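Asks: A single structure is presented below for examination.
The values are calculated or read from the model by the stated rules, or taken from the named source; none is laboratory data. Keep in mind that what you see is a predicted model, and the values were worked out from it rather than measured. Cβ placement follows ideal geometry from the backbone for every residue including glycine, while neighbour counts extend to all protein chains displayed. Surface accessibility is based on the protein's heavy atoms, side chains included, excluding ligands, DNA and RNA. Shrake-Rupley method; radii C 1.70, N 1.55, O 1.52, S 1.80 Å.
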Amino acid sequence: MENTPESFTVEIVALSSEGTGIGQIIAPTGEFVGKKVSVPGSIPGEILETQVYSEELPESLPRAQLISIKPPHTARRATPCEYLPACGGCTLQHMSIDKQRAEKFQMVQSLMLRQAKLTPQSGYTLLGQDLPEFSYRNRILLHLDTAGELGFYRSGSGEVVDIERCLLAEDGINDLVARIRPFSKNLAARVAAIKIERRKSCLCILLKPRVRDAELDSEIATLELLGVPVLHDQLNESDAGHFSQVNAEANEILVSYVLGQFADKDFKLSITELYAGAGNFTFPLAQNGRKIRAVELDENLTAAGTLQAAEAGLSKSVTFISQSCEKFCRFSKFTELVLLDPPRAGARIVAETLTPKDTQFIVYVSCNPATLARDLKILTAKGYVLDHIAVLDMFSQTAHVEMMATLRARS
């Protein structure tokens, strides 16, 4: 079959969890009418003229190129960022922020129904509708190629798009990027990436070497002239005291919501917290009077967390366990209350281990709708009732979304 593009009219019906529009071919008449395609840069409700390469048409969800729109959605806007569409960091800037949030909210509901056949008993809530859409990130990772180009990867490739500032980053981070750029060509031979993050009240630079664990003493000394801490990313120990979420304002909403879910639970009942990380939920819960077993694989985090608990006078309330959550499932018993915040891969083994006999109430925090749907399906099959799902747009301009699901043992 020749690798030639074919033209189709497509109606966009939904937003995918990757941030592309999902549509179906409506013209011309023929064998492909009704076939679903993925169209980057589109908005649900639009009718588009697209092109799809013939060799991709037999695929389950081929990617189509947007050629024209008739007419554009009222929520469509010119992308505020000058680096789009080359930069692959943001996939939703072509939509107004209200439309982004509405479509992500709908995407989560549709995915839960389609993949897990689940609807929460008390429905869904959208949180953070008034959060700023720009200047919210307190951490960015910039790639540095051997020519000294400093920026983010081009969409679908490992090529660096050179940038001067990122609209998602805090102003202080962008100011520091501007001060780093004059050094980028000299750093390029040995530095592969530069991370800038806010730790408590100050910004910090972390350098990733091109060769794993290679020393970067001279590069660190050079950037220390900027007057901020500079660290070797791979040799830097994890720090439970530094901020772990990229959006501080959204994180306040997230933590407050999670605390609220446990507010009416008996304070005699302790909480088993899995994937505790840097203590984002651990310490607020303990300060709220809760007793917690915090399970985390990273020994640096658990050691720092134990020290922080002692310094805060919370040692009797918080016990850090340095262990993988999967191993914990095999050898330990869960309490009646469980909180988990796994990485994007989800928590299949945990879901398969939890039982209504031992654990009566679960709060599951997730950043991946697909793995959340998979794990909720497992839990409800075992006798849990899905009460509610809250959706928080912690990552505006991108397809990423934060979700909080609450489950209880079936009476």
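Asks: What's the longest bit of the chain with no exposed trypsin sites (Lys or Arg not before Pro), using DSSP loop states and at most 11 other Cβ atoms within 10 Å as the test?
Replies: 1-116
Asks: Treating each Cα of the stretch 181-281 as an identical point scatterer and ignoring solvent, apply the Debye formula and state log10 I(q)/I(0) at q = 0.10, 0.15, 0.23 Å⁻¹.
Replies: After summing over all Cα pairs, the log10 values are -0.43, -0.74, -1.23.
Asks: Continuing with the same structure: Using θ = phi - 60° and the Karplus form 6.51 cos²θ - 1.76 cosθ + 1.60, what ³J(HN,Hα) does each residue of the stretch 307-323 get, whole Hz, x for Gly and Pro?
Replies: Each residue of the stretch 307-323 in turn: 5, 5, 4, 5, 5, 8, x, 10, 4, 7, 9, 10, 10, 8, 10, 8, 6 Hz.
Asks: How high is the relative contact order of the stretch 164-209, given as a whole-number percent (alpha carbon pairs under 8 Å, six or more residues apart)?
Replies: It rounds to 30 percent for the stretch 164-209.
Asks: Express the carbon and sulfur contribution to the solvent-accessible surface of the chain as a percent, rounded to the nearest whole number, probe 1.4 angstrom.
Replies: 51
Asks: With charges only on Cβ, +1 for K and R and -1 for D and E, what is the dipole size of the stretch 43-172 about its Cα centre, in debye, rounded to 20?
Replies: Using only the charged Cβ atoms, the result is roughly 640 debye.
Asks: Here's something else I'd like to know. May I ask you to compute the full-extension gain from residue 411 to residue 56, defined as 0.36 nm times their residue separation minus their alpha-carbon distance, rounded to one decimal in nm?
Replies: The span from residue 411 to residue 56 would gain 122.8 nm if fully extended.
Asks: Using the heavy atoms of the protein chains alone and a 1.4 angstrom probe, what is the accessible area of the stretch 1-99 per residue in square angstrom?
Replies: Accessible surface, normalised per residue, equals 51 Å².
Asks: What does the charge dipole of the chain about its Cα centre add up to, to the nearest 20 debye, if the Cβ of each Lys and Arg holds +1 and the Cβ of each Asp and Glu holds -1?
Replies: Dipole size: approximately 1280 debye.
Asks: Using a 1.4 Å probe, what is the accessible area per residue for the stretch 276-337, in Å²?
Replies: Counting only protein heavy atoms, the per-residue value for the stretch 276-337 is 49 Å².
Asks: What residues have an amide H closer than 5 Å to that of residue 318, excluding those fewer than 5 places away on the same chain, when H is modeled at 1.01 Å from N in the peptide plane?
Replies: 292
Asks: How do 145, 171 stack up against each other in accessible area, from largest to smallest, with a 1.4 angstrom probe?
Replies: Order by accessible area, largest first: 171, 145.
Asks: Something else now. Give me the one-decimal nm value for the distance between modelled label points at residue 82 and residue 67, 7 Å along each residue's Cα-to-Cβ direction.
Replies: 3.2
Asks: Report Rg/Rh for the chain, rounded to two decimals, where Rg is the Cα radius of gyration and Rh the Kirkwood radius.
Replies: 1.00
Asks: Expected output is a single nm value to one decimal: the length gained when fully extending between residue 224 and residue 157, i.e. 0.36 nm times separation in residues minus the C-alpha distance. What is it?
Replies: So the extension gain works out to 20.9 nm.
Asks: Tell me, what HN-Hα J-couplings in whole Hz come from the Karplus equation 6.51 cos²θ - 1.76 cosθ + 1.60 at θ = phi - 60° for each residue of the stretch 21-26, using x for Gly and Pro?
Replies: Karplus-based 3J(HN,Hα) across the stretch 21-26 equals x, 9, x, 10, 5, 10 Hz.
Asks: Express the accessible area of the stretch 134-190 per residue in Å², computed with a 1.4 Å probe while the remaining protein chains stay in the model.
Replies: 48
Asks: Computed FRET efficiency, Cβ-Cβ of residue 125 and residue 202, R0 45 Å: what is it to the nearest 0.05?
Replies: So the FRET efficiency works out to roughly 0.80.
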